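The numbers here are math on the coordinates, done by the rules we state, and not lab data. The shown structure was predicted, so the numbers you read here are calculated from the model rather than taken from an experiment. Here Cβ is always computed from backbone atoms with ideal geometry, including for glycine, and neighbour counts include all displayed protein chains.
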Amino acid sequence: MLTLPGNARFFLARRAVDFRKAFDGLSAIVRSDLGLDPRSGDHYIFFNRARDRVKVLVWDRNGFWLYYKRLEKGTFGSWWPIDRSEESIEVGRADLAMLLEGIDWRFARRRKHYVASLRPRSGHGRATRGPAA
């Protein structure tokens, strides 16, 4: 079971990926196509062309984790945007959880709650959560 930590960032690759790729191939895509650091601790989500398989690449201090799920029936979120101008989009933890569970988030109803604003952290190039302005 994949646990989605609250302090992690999740990036969804918009283009389909050749699923013969493993750790090195996917981390090369993160670096070259997405322009991000695969060793940042962020989660990088990839789908195959049929969208019935998903891989999640994560760096964990001393090595990569690769989560892989294949659906026996159906697809992962055909409503999710793919093949757009941007190579990836950052998605929230709740949106990703709904996607992986097959819930169409366009029809989900969100309740109002506190959401921290993002502000750059000095010297690290990553955003950090802070109080809403």
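A few comments on the model shown:
- The residue among GLY41, PHE19, VAL56 whose Cα reaches farthest toward the positive pole of the charge dipole of region 16-58, with charges on the beta-carbon of Lys, Arg, Asp and Glu, is PHE19.
- Lysines whose Cα lies under 20 Å from that of LYS73, excluding same-chain neighbours fewer than 8 positions away: LYS55
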